[in-house]
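Trainee: Have a look at this one before I ask anything.
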Amino acid sequence: MRRERHTKIVATLGPASSTAEVILQLFKAGADTFRLNFSHGTHEDHQARLALIREAEALTGRPAGVLLDLQGPKLRLGTFPGGPVRLTAGQPFRLQLDAVPGSQHVAHLPHREIFEALRPGHALLIDDGRVRLRVREGGPDFAETIVETGGTVSDRKGVNVPDCALNLSALTEKDQRDLRFGMTLGVDWVALSFVQSARDIEEVRAIVGKDMAIMAKIEKPAALADIEAIVGAADGIMVARGDLGVEMPPEEVPAIQKRLTRLCREAGKPLARLRRQPWRRLLRGVAARPDEAGGGAGDEELVGATGHAGDSVTCRCALPFMPVRQGSARGSCRFHARLQAGPVRSTHRSYARLPRSQGQGRWSECRGGPRIPTR
């Protein structure tokens with residue numbers, strides 16, 4: 001099984017893609033690395049999936065990478081005993097450290113480190129940014145806010161704090177247990193969530209040593225302030241574009257990805273780009289076609305890997321669209337091979353339209369696709 005591309009494909013395993021048949025199909029269809037998401041499932045579940053991955057390796061004679069994705073700290077609201085509440089733009093809303101039943105006016109936020117970091121003017125995002133609050137005043141155990149973007153909040157919704165770094169370790173007690181369990185399994189990579197500085201990488205390195213490669217997930221704007229040191233300390237970088245787009249303007253994410261790609265190429269380290277399919281498409285069993293073919297944009301930037309969360313978990317559209325991902329990766333490899341073969345006036349101009357003296361003959365030589373080994 002030779003892959004005629006440089007860019008790797010990372011497939012996330014979940015309840016619907018944990019059988020030997022499906023894992024083997026994903027592997028043959030183009031998956032190079034399998035992501036085990038330790039935010040869900042038990043140790044026994046992940047151990048069984050890893051055993052099936054190793055069986056697929058033995059059947060195909062090709063090695064597969066295994067990535068352990070740690071959950072990281074989860075910042076969440078308390079509960080709303082009366083059910084979901086609707087917040088409207090302009091209304092005041094109080095967050096406090098002391099336990100209190102959630103209502104339309106107040107909610108419990110059991111994270112002291114958030115209150116210690118908040119300042120007037122800072123934003124708070126609830127439920128992946130669906131609800132936005134602005135801090136008016138605060139203290140060590142409370143924050144008075146104004147609702148800027150209204151919406152519905154309910155039990156245990158996630159909270160994002162984009163405007164400041166939190167005095168919080170990227171490794172929770174659960175992560176440490178999961179990490180040591182992964183070391184016993186012999187996984188190849190560990191993905192560290194909630195990275196804010198190179199110190200977070202060093203904390204994991206002290207545990208795993210050289211037994212595992214460390215991939216830093218860039219999902220918070222605070223990490224960008226120390227990104228050169230993070231790239232230097234980690235073995236690879238994963239850009240969680242969806243999470244970054246929640247905490248910062250989405251239009252800035254492509255430029256940040258390009259910058260990270262350049263830093264990783266200069267350091268000789270891989271960069272993975274993680275994308276999530278919209279759930280409405282997953283439930284219909286239809287992949288987001290522009291996003292699938294858009295993998296080629298990452299390949300043209302020479303991204304080391306492209307990962308997809310959601311579709312291979314539900315398994316409704318992962319297999320039909322795996323050839324699309326492979327094709328976009330191979331096509332970009334041919335594109336770069338043609339650039340190296342002869343001069344081109346513009347990378348946006350069709351190669352076949354150029355005069356033969358400027359490379360049209362080389363296009364026919366590369367049309368079948370150069371055999372570019374990836375092992």
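Trainee: Quick check: anything in segment 70-89 surrounded by 15 or more Cβ atoms within 10 Å (Cβ to Cβ), of a type in the set (S, T, N, Q) and within 22 Å of the chain's Cα centre (by Cα)?
Mentor: yes
Trainee: Using the structure shown, decide if residue 227 is within 17 Å of residue 255 (Cβ to Cβ) and assigned to a helix (DSSP H, G or I). So that I can check it myself, show each step before the final result.
Mentor: Working: within 17 Å of residue 255 (Cβ to Cβ): yes; assigned to a helix (DSSP H, G or I): yes.
Criteria met by residue 227.
Trainee: Check segment 45-54 and report whether any residue there is of a type outside the set (Lys, Arg), touching a residue at least 12 places away in the same chain (Cβ under 8 Å) and not in a helix (DSSP H, G or I). Can you show your working first?
Mentor: Taking segment 45-54 as the starting set, the residues that turn out to be of a type outside the set (Lys, Arg) are 45-48, 50-53.
Applying the additional criterion that residues be touching a residue at least 12 places away in the same chain (Cβ under 8 Å) yields 45-48, 50, 52-53.
Within this subset, residues satisfying the condition of being not in a helix (DSSP H, G or I) are none.
Looking for residues that are of a type outside the set (Lys, Arg), touching a residue at least 12 places away in the same chain (Cβ under 8 Å) and not in a helix (DSSP H, G or I), one finds none in segment 45-54, hence no.
Trainee: When you look at residue 253, is it outside any helix (DSSP H, G or I), assigned by TED's automatic domain parsing to the domain that holds residue 48 and either under 15 Å from the mean Cα position of the chain (by Cα) or buried (at least 23 other Cβ atoms within 10 Å of the Cβ) (or both), yes or no?
Mentor: no
Trainee: Ok, one more. Please count how many residues of segment 80-106 are among the polar types (S, T, N, Q), part of a strand (DSSP E or B) and in contact (Cβ under 8 Å) with a residue 60 or more places away in the chain. Before you say what the answer is, go through the steps one by one.
Mentor: Taking segment 80-106 and keeping what is among the polar types (S, T, N, Q), we get 88, 91, 96, 103-104.
Next cut, part of a strand (DSSP E or B) only: 96.
The next check asks that each one be in contact (Cβ under 8 Å) with a residue 60 or more places away in the chain; those that pass are none.
Qualifying residue count for the region: 0.
Trainee: Just checking, does segment 115-134 include any residue being more than 25 Å from residue 243 (Cα to Cα) and either among the hydrophobic types (A, V, I, L, M, F, W, C) or without any contact (Cβ under 8 Å) to a residue 12 or more places away in the chain (or both)? Please lay out each step first, then the result.
Mentor: Taking segment 115-134 as the starting set, the residues that turn out to be more than 25 Å from residue 243 (Cα to Cα) are none.
So far as segment 115-134 goes, no, none of its residues is more than 25 Å from residue 243 (Cα to Cα) and either among the hydrophobic types (A, V, I, L, M, F, W, C) or without any contact (Cβ under 8 Å) to a residue 12 or more places away in the chain (or both).
Trainee: Does residue 59 fit the bill of being part of a helix (DSSP H, G or I), in the same structural domain as residue 201 (by TED's automatic domain parsing), surrounded by 13 or more Cβ atoms within 10 Å (Cβ to Cβ) and of a type outside the set (S, T, N, Q)? Steps first, please.
Mentor: Details: part of a helix (DSSP H, G or I): yes; in the same structural domain as residue 201 (by TED's automatic domain parsing): yes; surrounded by 13 or more Cβ atoms within 10 Å (Cβ to Cβ): no; of a type outside the set (S, T, N, Q): yes.
No, not satisfied.
Trainee: Kindly indicate the residue of segment 63-79 that is assigned to a loop (DSSP other than H, G, I, E, B) and in contact with a helix residue (DSSP H, G or I) (Cβ under 8 Å, 6 or more places away or on another chain) and also farthest from residue 153 (Cα to Cα) among those meeting that condition.
Mentor: Quick first cut of segment 63-79, residues assigned to a loop (DSSP other than H, G, I, E, B) only: 63-64, 70-75, 77-79.
The next check asks that each one be in contact with a helix residue (DSSP H, G or I) (Cβ under 8 Å, 6 or more places away or on another chain); those that pass are 63-64, 70-72, 75.
Working: 63: 45, 64: 41, 70: 26, 71: 22, 72: 22, 75: 14 Å.
The qualifying residue farthest from residue 153 (Cα to Cα) is 63.
Trainee: Name the one entry in 42, 60 that is under 29 Å from the mean Cα position of the chain (by Cα) and under 23 Å from residue 173 (Cα atoms). I'd like the intermediate steps shown before the answer.
Mentor: Details: 60 fails: under 23 Å from residue 173 (Cα atoms).
So the residue among 42, 60 that is under 29 Å from the mean Cα position of the chain (by Cα) and under 23 Å from residue 173 (Cα atoms) is 42.
Trainee: Which of the residues that make up segment 176-197 are under 11 Å from residue 213 (Cα atoms) and crowded, with 22+ Cβ neighbours inside 10 Å?
Mentor: Result: 187, 189, 190, 191, 192.
Trainee: Return the residues of segment 167-192 that are touching a residue at least 60 places away in the same chain (Cβ under 8 Å) and of a type in the set (A, V, I, L, M, F, W, C); say none if nothing qualifies.
Mentor: Selection gives 168, 170, 171, 179, 181, 185, 187, 189, 190, 191, 192.
Trainee: All but one of (1) among the small types (Gly, Ala, Ser); (2) within 22 Å of residue 88 (Cβ to Cβ); (3) in contact with an Asp or Glu (Cβ under 9 Å, 6 or more places away or on another chain) hold for residue 198; state the number of the condition that does not hold.
Mentor: (2)
Trainee: On to the next question. Kindly provide the set of residues from segment 107-122 that are surrounded by fewer than 17 Cβ atoms within 10 Å (Cβ to Cβ) and more than 11 Å from residue 137 (Cβ to Cβ), ordered by number.
Mentor: Within segment 107-122, 110, 112, 113, 116 qualify.
Trainee: Out of all the residues in segment 111-124, is one or more in a strand (DSSP E or B), under 18 Å from residue 221 (Cα atoms) and under 25 Å from the mean Cα position of the chain (by Cα)? Explain how you work it out, then say what you get.
Mentor: From segment 111-124, those in a strand (DSSP E or B) are 123-124; that's our starting set.
Subsequent filtering for residues that are under 18 Å from residue 221 (Cα atoms) retains 123-124.
Narrowing further to those that are under 25 Å from the mean Cα position of the chain (by Cα): 123-124.
Within segment 111-124, one or more residues are in a strand (DSSP E or B), under 18 Å from residue 221 (Cα atoms) and under 25 Å from the mean Cα position of the chain (by Cα).
The values are calculated or read from the model by the stated rules, or taken from the named source; none is laboratory data. Every value quoted in this text rests on a predicted model; they were computed, and no experiment measured them. Positions of Cβ are backbone-derived with ideal geometry, glycine not excepted, and every protein chain shown enters the neighbour counts.
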